[in-house]
Structure formats: C-alpha cells, structure tokens
Amino acid sequence: MEMLQIVLIRPGATDYDRQGRIQGALDIPLNEEGTGEVQRLAANLKDLGIESVYCSASESARQTAGAIAGALHVKLKEMKNMQNLNQGLWQGMLIDDVRRKQPKVYRQWQEQPETICPPDGETLGEAKQRVHEAIGKLLKKHRSGVVAMVVPEPLASLVRARLGPKELGDLWEAAAEHGSWEVIRVGPQSVASRA
C-alpha cells in the first residue's frame, strides 16, 4: 500500500520567538539559536529519505528550508498561499501584552480560535481555506514517498489539522514551537478524501 509521508518542520528560532512576540506574517530572519537548530534538524532528517522540501513564504521558513534542502541535496519549492496567519495589529506584540491587555480575547484565542479575528488580520477560517487548497495541490502531486514542509506556527497547526485527525490545540502554546519536526502519514484514502 502506497503512503505519503509529510515531514512537518517548524523553522528555527527568531528573535521574536526568544522575546515571546507574535510573528504572524512578518518576515523575521533566524537568529543564532535558530541557525543552530537548523543545523541539528538537517542532521536529524538526513536518513528519512526526503525527496523534496516545500516551504511557506516567510524568511525563517525559507532560511530553514534552504539549509535543509541543501544538506539533503534535494529541490526546494516555495508553496503559494502558505504565508503564515496574518495576525494584523497583534504582529510584533508580546504575547504577554495581549494576555494582560485583552484577557478575554486571549482566552478565546486559546479555547475557540475560530471565533477571533485579530485587528486588521485574517480569520482562522480564511487561513484554513488557503491551507486546504495548497495541501490539496501537494497531495495531488505526491501520492507516495517522503516530502518535507517547513512552515511556522500557527500555520503548522493548521497543516497538521488538515492532514490528520488532530485538533488545533492551544495556538498560543504552539507559537513557542520552533526547530522541531514530526512525520505525518497520509494514506491513499486520506489523499482522496482530502484532495
């Protein structure tokens, strides 16, 4: 039975990660910690048989994906419409400031993120639609084998929810994840039903 494996990779750390700031769709490069994480990622991923690396349109994702693709000697492709969730006026803010200044909104984003739209940002529904279309194209192109996707949080949580039965979870907590990876197995029935 043929199966596609998607290695979902979160980019290495940025200064915004270190500071606890909301990055959203801002282009923030890797910091020194993130560069080290990417080197470890490339070493850890070398035996997985990754055939190509896809990335979202953010500086940290491009840097991470470029280093991994280079180390693995595979093609790198930027995915259209896979920019991170636009968190509008929250972008650049400290997560703690949102928690302190807007406690109700903060809790609602934790418990029911679909009901919140950051000021001048996009809703989770809009981002899910973009992810749905982009992943659909990827699944049509790759029915089996191993491909990697480098996408930052909270976009990575949307990708994971799109590919499997997992819930979104706490997107504030997920935002702290960087320099990590997981393998998601996508069977032929999943591809057909989700394409």
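If you go through region 128-148 and keep only what is out of contact with any strand residue (DSSP E or B) (no Cβ under 7 Å at 6 or more places or on another chain) and part of a loop (DSSP other than H, G, I, E, B), you end up with nothing. Test L158 against the stated conditions and say whether it is under 22 Å from N81 (Cα atoms), touching a helix residue (DSSP H, G or I) at 6+ places or on another chain (Cβ under 7 Å), among the hydrophobic types (A, V, I, L, M, F, W, C) and not in a helix (DSSP H, G or I). Considered against the rule, which asks whether it is under 22 Å from N81 (Cα atoms), touching a helix residue (DSSP H, G or I) at 6+ places or on another chain (Cβ under 7 Å), among the hydrophobic types (A, V, I, L, M, F, W, C) and not in a helix (DSSP H, G or I), L158 comes out as no. For region 69-92, a residue qualifies if it is crowded, with 18+ Cβ neighbours inside 10 Å and closer than 30 Å to R107 by Cα, and the qualifying residues are M82, Q83, N84, L85, N86, Q87, W90, Q91.
The set of residues in region 68-83 that are modelled with pLDDT of 95 or more and more than 11 Å from V150 (Cα to Cα) comprises G70, A71, L72, H73, V74, K75. Assessment of region 122-132 against the conditions (among the β-branched types (V, I, T) and closer than 25 Å to A13 by Cβ) yields at least one matching residue.
Return the residue satisfying two criteria in turn: it lies in region 108-142 and is closer than 17 Å to G164 by Cβ and more than 14 Å from the chain's Cα centre (by Cα), and of such residues it is surrounded by the fewest Cβ atoms within 10 Å (Cβ to Cβ). Restricting to residues being closer than 17 Å to G164 by Cβ and more than 14 Å from the chain's Cα centre (by Cα), the top hit is G136. Here A61 fulfils each of the conditions (1) in contact with a Cys (Cβ under 6 Å, 6 or more places away or on another chain); (2) free of Cβ contacts under 8 Å to residues at least 60 places away in the same chain apart from (2).
Taking region 8-55 as the range and being surrounded by fewer than 17 Cβ atoms within 10 Å (Cβ to Cβ) and of a type in the set (D, E) as the test, the residues that pass are D15, D27, E32, E33, D47, E51. Entry remark, region 104-127: residues being within 20 Å of A176 (Cα to Cα) and assigned to a helix (DSSP H, G or I) number 11 in total.
The values are calculated or read from the model by the stated rules, or taken from the named source; none is laboratory data. As the structure is a prediction and not an experimental result, all values here were calculated from the model. FYI the Cβ positions are ideal-geometry reconstructions off the backbone, even for glycines, and counts take in every protein chain you see.
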